Amino acid sequence: MAGNTISVVRGDTKDLDVVFKDSTGSAIDITGFSIWFTVKSAIEDLDTNAKIQLINTSHTSPTNGSTTFSIGSDLTSGLREVSYLYDIQYVNDTGTSKKSTSRGNFVVTNDVTLA
């Protein structure tokens, strides 16, 4: 799923619903999976320098492959109006399979109302 774009207004909250499917389009059971959502300025930035990094271990509907990342306004309010890079990666319940499933641009636009 390369080339995807996620857009957010600086200072806003965004819920990002993600569904994991296999090559046939069937849902992947993500019960017990750890799933990362990471936003960085550059690919070579260390994870400790990520602009946003969220880890989900509790999922919306794991047997249907569904998880939701809640990106709070506290995480977006300090971002500049630029295009960052993001990816979503999971590690299965046994720790034997690690896979990046989506990557692309995380685009931040300025907010108008500052209240």
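For this structure, a couple of remarks:
- Here the Gaussian network model covers the chain, with springs between Cα atoms less than 10 Å apart; of Ser23, Ser73, Ser102, Ser23 fluctuates the most.
- Phi-derived couplings, Karplus 6.51 cos²θ - 1.76 cosθ + 1.60 at θ = phi - 60°, listed residue by residue for region 59-72: 10, 4, 8, x, 5, 9, x, 10, 9, 10, 9, 9, 8, x Hz, with x used for Gly and Pro.
- Projecting the Cα atoms of Ser100, Gln53, Val19 onto the dipole axis of the chain, where Lys and Arg carry +1 and Asp and Glu carry -1 at the beta carbon, places Ser100 farthest toward the positive end.
- Segment Thr109..Val91, full-extension length gain: 3.3 nm, with 0.36 nm per residue of separation and the alpha-carbon distance subtracted.
- Applying a DSSP loop filter and a limit of 10 other Cβ atoms within 10 Å to the chymotrypsin sites (Phe, Trp or Tyr not before Pro) in region 86-115 leaves nothing.
- Electrostatic bookkeeping for Phe69 treats Lys and Arg as +1 and Asp and Glu as -1; over the other residues with beta carbon under 11 Å from its beta carbon, the sum is -1.
- Partners for Lys98 among lysines (Cα-Cα distance below 21 Å; same-chain residues under 8 apart left out): Lys21, Lys40
- Here's the picture: a label point sits 7 Å out from the Cα of Thr31 along the beta-carbon direction, and within region 89-115 the residues with their amide nitrogen under 20 Å of it are 90-98.
- The chain - mean residue ellipticity at 222 nm from DSSP helices (-39,500 (n - 2.57) per run, n ≥ 4, rounded to 500): -500 deg cm²/dmol
- Seen through its C-alpha gyration tensor, with square-root eigenvalues sorted a ≥ b ≥ c, region 2-109 comes out prolate because a/c lies at 1.5 or above while a/b is bigger than b/c.
- Length-normalised contact order of the chain in % [C-alpha pairs under 8 Å, at least 6 apart]: 38
Bear in mind that the values in this text are calculations on the coordinates, not laboratory data. None of the values given here were measured: they were computed from a predicted structure. Glycine gets a Cβ as well: all are built from the backbone with ideal geometry, and neighbour counts include every protein chain shown.
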